[in-house]
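Student: Got a structure for you, written out below as structure tokens; questions coming shortly.
Any read-out appearing in this document is the output of simple, stated calculations on the displayed coordinates, not a laboratory observation. On a predicted model such as this, the values are computed, not experimentally measured, just so you know. Cβ: placed from backbone, ideal geometry, glycine included. Neighbour counts: every protein chain shown.
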Amino acid sequence: MASLVIAEHDNASLKDSTAKTVTAAAQVSAPVHVLVAGSNCGAVAEAAAKLSGVEKVLVADAALYAKMLAEPMEALILSVAGNYDAILAPATTNGKNYLPRVAAKLDVPQVSEIIKVVSPDTFERPIYAGNAIATVQAPSGKKVISVRTTAFKAAEASGSAAVEKIQPAADPGISTFVGEELSKSERPELTSAKIIISGGRGMQSGENFKLLEALADKLHAAVGASRAAVDAGFVPNDYQVGQTGKVVAPDLYIAVGISGAIQHLAGMKDSKVIAAINKDEEAPIFQIADYGLVADLFKAIPEMEAELTKLGY
Amino acid sequence: MKVIVPVKRVIDFNVKVRVKADGSGVDLANVKMSMNPFDEIAVEEAIRLKEKGKASEIIAVSIGPQQASETIRTALAMGADRGILVKTDGEVEPLAVAKILKAICDAEQPGLVILGKQAIDDDSNQTGQMLAALLGWPQATFAHKLDMGDGKADVEREIDGGLQTVDVKLPAIVTTDLRLNEPRYASLPNIMKAKKKPIDEKQPSDYGVDVSPRLKVLKVTEPPKRQAGVKVKTAAELVDKLKEIGAI
């Protein structure tokens, strides 16, 4: 049989997390099909068709799927589930929202946020905020899996799969999208940025995040935050890096004024290089940082910016 | 309107987790256990609904060992009205929990079930969604703000790009995110009063649910450790080092 990957997208473009989930799916059960559920999402389907390893793209294009609400997504995925022995979705807020509904209806346990496919029925997943890694074996029968995308390489865009329209499923009619407030930014998204600069409680105010933004603009970096900074209202919730926020693994993570609570480390410790700036030399963040600078961030950040300017950034 | 709040007894969030040397799991012997923090937020939200006259009765449900009754007592001390303990030793997977909760919902007919979005032990983030599917109810996960309307709930949700608002018809499932509220501490008089509130004791078999695990945990290991690197003296030196290794 085959595996089905549910695409993550915003109706205009396919998200990188889909390409990474395709890589995981190919290790579970090949060939891979991708389901694009959206509204006016033709461009997304085209992009999915180019992912290497994808044999077929199913498109359900209807207003009903514009915001991927969990209830209609459940009905749609179930309408095609019979053809697949594995159903996978990226562990985004969308995937986390609809996928367990599908598993419950199929009466199979879901394996959440896998970081490795050991064999087609055995997976590694972090538990206890990443303080332990469990190796779990799923029972025979259909697999329903969410994928921590930072742990997988993106499938390349070198293929050319067939695109097939499918019928929307009946609308359960029990939930309605009302509105959204999305953070607008010219900077890269946290989950796909090569460099991330995050601020913590040490930033002292939302206003002071401008210091990080100036630095981020020089390095084409995304700006993130610790839970403490979000809880204090310095920045919106979508900035949060951590076990219960976004899990990231950029090439470079610069932690500024972040002490390094376990739940924050769980969200960024797989970054390739970690640099930390904190005035407290005992801060736990220094135990995992490749480069540590014990300094007052209000002095150090402008100095870094000046040095970058000097070097022509 | 009745509100059901499931609460899970988990390792306290301040405890440093230790993996057992034989790889069979995490060492839970003699460690402090508490209510899952996201469930505390759920209990608090239910109490606020009752204080606003939107909820008539709050039922705290826990599925776990005898000691899980302490977790229910905590919810009762915060302000829940009565408890149901479904007694079982050993791990219960989210799907089995959802099946038991479905049976309880069938019997109690709540207008709303508020759950934590995930438990901080297995980090599954599944139970609320599974319960919603089994009941055929709508869900508003990762709630940031909850307003009760006429026959519906208006919920602001924390999503990857920011915030999203959805309307769900009642009865519905809501799962809590961190910033929905700040849970209260139980006062001493309320802790004393909670001792008199009733807790019903049940077994999974009373609900016809088989709780034996279906996922087989082959082993539990420590994550790879990162080593501390070097300390630099100045911001300029940090920039130079990062440039040297090609990170910027």
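Student: Just in segment B:1-71: which GluC sites (Glu not before Pro) are loop by DSSP and have at most 16 other Cβ atoms within 10 Å?
Tutor: Details: sites: B:Glu40, B:Glu44, B:Glu45, B:Glu51, B:Glu57, B:Glu70; in loops: none.
Passing sites in segment B:1-71 do not exist.
Student: Test of the criteria: in segment A:79-162, which GluC sites (Glu not before Pro) are in a DSSP loop and have at most 16 other Cβ atoms within 10 angstrom of their Cβ?
Tutor: Filter output for segment A:79-162: A:Glu156.
Student: Shape of segment B:157-201 from its Cα gyration tensor (a ≥ b ≥ c, root eigenvalues): rounded if a/c is under 1.5, otherwise prolate when a/b > b/c, or oblate? It would help to have the intermediate numbers written out before the result.
Tutor: On the way: a/c = 4.12, a/b = 1.95, b/c = 2.11.
Cα axes put segment B:157-201 in the oblate bin.
Student: Then there is this: Going by a ≥ b ≥ c, the root eigenvalues of the Cα gyration tensor, does segment B:1-154 fall in the rounded group (a/c under 1.5), the prolate group (a/b larger than b/c) or the oblate group?
Tutor: prolate
Student: Take the Cβ-Cβ distance between A:Ala306 and A:Val118 as r, set R0 to 41 Å, and report the resulting FRET efficiency rounded to the nearest 0.05.
Tutor: Taking R0 as 41 Å, the efficiency between A:Ala306 and A:Val118 is 0.25.
Student: When the scattering of segment A:89-190 is computed by the Debye formula from its Cα atoms alone, each counted once and equally, what is log10 I(q)/I(0) at q = 0.14 Å⁻¹?
Tutor: With one equal scatterer per Cα and no solvent, log10 I(q)/I(0) is -0.83.
Student: Could you give me the ³J(HN,Hα) list for segment A:163-173, computed from phi with Karplus coefficients 6.51, -1.76, 1.60 and θ = phi - 60°, whole Hz, x at Gly and Pro?
Tutor: Residue by residue, segment A:163-173 yields 10, 10, 6, 10, 6, x, 7, 4, 7, x, x Hz.
Student: Now, a different point. Amide H to amide H under 5 Å from A:Glu113: which residues, 5+ apart in sequence or cross-chain, H placed 1.01 Å off N in plane?
Tutor: A:Ser146, A:Val147, A:Arg148
Student: What dipole magnitude, in Debye to the nearest 20, does chain B give about its Cα centre under +1 on Lys/Arg Cβ and -1 on Asp/Glu Cβ? Mind dumping the intermediate values first?
Tutor: Working: 37 positive and 36 negative charges, 108 e Å.
Dipole of chain B, to the nearest 20 debye: 520 debye.
Student: I would also like to ask the following. Report the antiparallel proportion of the DSSP beta bridges in chain B as a percent, rounded to a multiple of 5.
Tutor: Numbers: 17 of 42 bridges.
Of all bridge pairs located within chain B, approximately 40 percent are antiparallel.
Student: Of all DSSP beta bridges located in the protein assembly as shown, what percent are antiparallel, nearest 5? Could the numbers behind the result be given before it?
Tutor: Values: 39 of 113 bridges.
Around 35 percent of the beta bridges assigned by DSSP in the protein assembly as shown are antiparallel ones.
Student: Right, something else. Could you tell me how many degrees, from 0 to 90 and to the nearest 10, lie between the Cα long axis of helix B:94-108 and the main elongation axis, the longest principal axis, of the Cα atoms of chain B?
Tutor: With rounding to tens, the tilt is 20 degrees.
Student: Quick check: pseudo-label points 7 Å beyond the Cα along Cα→Cβ at A:Lys279 and A:Ala2, how many nm apart are they?
Tutor: 5.9
Student: Compute the FRET efficiency between B:Leu188 and B:Glu51 as 1/(1 + (r/R0)^6), taking r as their Cβ-Cβ distance and R0 = 22 Å, and round to the nearest 0.05. Could the numbers behind the result be given before it?
Tutor: Details: r = 20 Å, r/R0 = 0.90.
Result of the calculation: an efficiency of 0.65.
Student: What residues from segment B:1-36 fall in the zone where the backbone N is under 17 Å from a label point 7 Å along the Cα-to-C-beta line of B:Arg226?
Tutor: none
Student: Within 13 Å, Cβ to Cβ, of A:Val241, how many net charges do the neighbouring residues add up to if Lys/Arg are +1 and Asp/Glu are -1?
Tutor: Values: positive: A:Arg227, A:Lys246, A:Lys269; negative: A:Glu189, A:Asp238, A:Asp270, B:Asp160.
Spelling it out: positives minus negatives among the neighbours equals -1.
Student: What pairs in A:Lys269/B:Lys231; A:Lys15/A:Lys272; A:Lys96/A:Lys246; A:Lys50/A:Lys165; B:Lys2/B:Lys50; A:Lys50/A:Lys116 have C-alpha atoms more than 20 Å from each other?
Tutor: Details: A:Lys269/B:Lys231 18 Å; A:Lys15/A:Lys272 22 Å; A:Lys96/A:Lys246 12 Å; A:Lys50/A:Lys165 16 Å; B:Lys2/B:Lys50 9 Å; A:Lys50/A:Lys116 24 Å.
Checking Cα-Cα distances, A:Lys15/A:Lys272; A:Lys50/A:Lys116 exceed 20 Å.
Student: Using every alpha carbon pair in segment A:1-50, what percent of pairs falls into each 10 Å bin from 0 up to the bin containing the largest distance?
Tutor: So the P(r) values, bin by bin, are 30, 54, 16, 0.
Student: A further question follows. On C-alpha positions alone, give me the angle between the axis of helix B:68-78 and the longest principal axis of chain B, in degrees, nearest 10.
Tutor: For B:68-78 against chain B, the angle is about 80 degrees.
Student: From a point 7 Å beyond the Cα of B:Asp200 in the direction of its Cβ, which residues of segment B:72-95 have a backbone N at a distance under 17 Å?
Tutor: Hits in segment B:72-95 for B:Asp200 at 17 Å: B:72-73, B:76, B:80-88.
Student: What is the sum of charges around A:Ala86, taking Lys and Arg as +1, Asp and Glu as -1, for the other residues whose C-beta is under 13 Å from the C-beta of A:Ala86?
Tutor: With Lys, Arg at +1 and Asp, Glu at -1, the neighbours total 0.
Student: Need the C-alpha centroid separation for segment B:2-53 versus segment A:165-236, integer Å.
Tutor: When both Cα centres are located, 28 Å separates them.
Student: With a cap of 14 neighbouring Cβ atoms within 10 Å, and only residues DSSP puts in a loop, list the trypsin sites (Lys or Arg not before Pro) found in segment A:162-215.
Tutor: Passing both the DSSP loop test and the Cβ count: A:Lys184.
Student: Another one. What shape does the protein assembly as shown have by the C-alpha gyration tensor, where a ≥ b ≥ c are the square roots of the eigenvalues, rounded means a/c under 1.5, and otherwise prolate means a/b greater than b/c and oblate the rest?
Tutor: Because a/c hits 1.5 or more and a/b fails to exceed b/c, the protein assembly as shown counts as oblate.
Student: Along the Cα-to-C-beta direction of A:Ala162, a point sits 7 Å from the Cα; which residues of segment A:72-93 have their amide N less than 19 Å from that point?
Tutor: A:80-85
Student: Suppose R0 equals 56 Å; then what is the FRET efficiency for A:His220 and A:Ala170 from their Cβ-Cβ distance, rounded to the nearest 0.05?
Tutor: FRET efficiency, A:His220 to A:Ala170: 0.80.
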